[in-house]
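Structure first, then comments.
None of the figures in this text is laboratory data; all of them are computed from the coordinates on show. Here the structure is a predicted model, which is why all the values come from computation and not from measurement. Every residue, glycine among them, receives a Cβ derived from its backbone with ideal geometry; neighbour counts consider all protein chains shown.
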Amino acid sequence: MNYRFTIGKKIGTGFIVLILFIIVVFGATYLAVNNGIQTFQKNDQTSKELIEIITPSKEKINKLRLLINESKQLAIQWVNNQSREDVPDKVKLKHLIYEDIPAVIDKIEPLSEQWKEKQDTALLNGVKTKIQELFGYYEEVMMFLPDIASYDDFSYFFARELIAQDGDIPVIFEKIDKDLLKLQDNFEKKEGEALELVKHSSTESKAKFESLKFYWFLGGALIIAAILIAFFTTNTIVKPITKLRSTLLSLGRGEFPKEKMAISNDEIGDMSLAMNKLVDGLKSTTEFAKNVGQSKFDTEYTPLSENDILGHALLKMRDNLAETERILEQKVKQRTEEVVKQRDEIEQQRGKLEELYKNVTDSILYAKRLQYSILPPKEKIQDIIPKSFVYFKPKDIVSGDFYWVEKIKNQSLYAAVDCTGHGVPGAFMSLVGANGLNSAVREHALSKPSEILDYLNEYVSESLNKSAEDSSIRDGMDMTLCAIDYGKMELQYAGANNPLYIIRDGKVLITKADKFAIASFKAGEKKYTNHTIKLEKGDVIYVFSDGYADQFGGVKGKKFMYKNFRKLLVEIHQLSIDEQKEVLHKEMKNWQGDVEQVDDILVIGVKI
């Protein structure tokens, strides 16, 4: 452990050196002038008063003045810097109020009992009263702003009034500082007069004690050196205070609960369910038709619904073909033409089925092109948010996750959005979400993330025809929306269920989202929270959907989990943007193995 020469040690060392010097000077003088002790009694008394009362009083008053000034600066920082109660600056303010400043006052009071000037004692008593009044205002600041959330309440404005230029804290501080400065000047004057008296007394005794000239010069030099040491140790207090202003505390860790979205009970929910069944059903129908064509009449098949004409027709065809084959085994020659006709019908049905399957697949591929048309191109992303990557891996041909980037004034906006479901239903929702974001920024000129989310909630609800009578509808989207001002090095963030990760100095800073999804409530019932975060060079910002952490895989076939996701981000955050994206892809590929992808995956990283 490196040795630290702290402020307390500097001041203590200065006093120890001073006392040692005085002991040396007075010890040598006492031995040399044993016969002339009466001559120096007055000199000794003055020096004693200087050392034990005047100089300590001056230094402790100066120290008290510095501590009061430091407490004022920390109180102002308490109001101006939105942070938790346990940050070093706030802890330091409490330590000054309840320990450091009272300790200095306790040391001054015994000295004040020996002060000769009653006006100095009265001035000190007035200072102590004003300090208690100042502490009362500090306690009001701490009461108004006990935690981070209180900075968004009206109590913040009351606290601001206390530290305003004409507020109670600056006014009472100026009175205290004026009185302490007056006390300090008085003791500096007394110190000068005492030194002058010592010097005058030494001059008078010079003729009688010529042999003591060496000790006289030595004593004067030591006193001056002691004063310089005291001045130096006092002056070094300011530097640690300045360093304290640059200290920051990372936020604490937290867990975010995940809720799975279910198919809603409405038209879009029915359409989503039908589309999922259609894709699976078409695969099953095609396979069934192929098996029937190969005379595998024991193949099991379930129609998509009671009204599935094609499915029921295939089942009937299977039964007919089975019966026909049985008859043909008996009457091959007589039924040759019928068999040919039946086979032609099968081929025709299969051709229609394959054509239908191709048409549906072509439609989904066209839907993919439509969805990808709303995604910003790589050039636009690099122009708006340089040093960034987008890792996007849809589960199906089309995706329920999408990303969005836009530039408005001096703010670079980007979002990671996770819509209800995946595949075609999710793609439908992504088109609605992208149109809503574009409308908020381009038509309504919104740039504050929380306001954009509030607008998007109303837009999506209206687009899905949600109403109070149809409150069971649960379609919506989770998302993270960020706005970066590179000039101010400031990030604004608002989230619907999805949090924000910032890796700074190897630690994960988590900003939690509001726990309600877009389109899960009526407009005006709730408001999204806008978080403002000061950025530092080297920060890496990550936004994401739940697909990466929820993917099953590994040796035991379990979820990847957010804990492992955060650990992976810490390990790769110092790599280049392209390398980070590649590592995320390889890690997911290795984890997933042969397990089917369960959801769309989206991760966006931005390095500052």
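Overview of values
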read-out: Relative intensity, log₁₀ I(q)/I(0), of region 375-607 from a Debye sum that treats every alpha carbon as a point, q = 0.11, 0.15 Å⁻¹; value: -0.53, -1.01
read-out: Fewest-first sequence of ILE76, ILE541 by Cβ atoms within 10 Å of each Cβ; value: ILE76, ILE541
read-out: Cα-Cα separations in region 473-580 greater than 16 Å, expressed as whole percent; value: 66 percent
read-out: Qualifying chymotrypsin sites (Phe, Trp or Tyr not before Pro) in region 75-179, DSSP loop, other Cβ atoms within 10 Å at most 13; value: PHE154
read-out: Trypsin sites (Lys or Arg not before Pro) within region 533-608: DSSP coil, no more than 14 neighbouring Cβ in 10 Å; value: LYS537, LYS556
read-out: Whole-number D in µm² s⁻¹ for region 41-198, Kirkwood Cα-pair radius fed into Stokes-Einstein, 10 °C, 1.306 mPa s; value: 93 µm²/s
read-out: Coarse-grained scattering of region 531-608 at q = 0.11, 0.13, 0.17 Å⁻¹, given as base-10 log I(q)/I(0) from a Debye sum over alpha-carbon atoms; value: -0.31, -0.42, -0.68
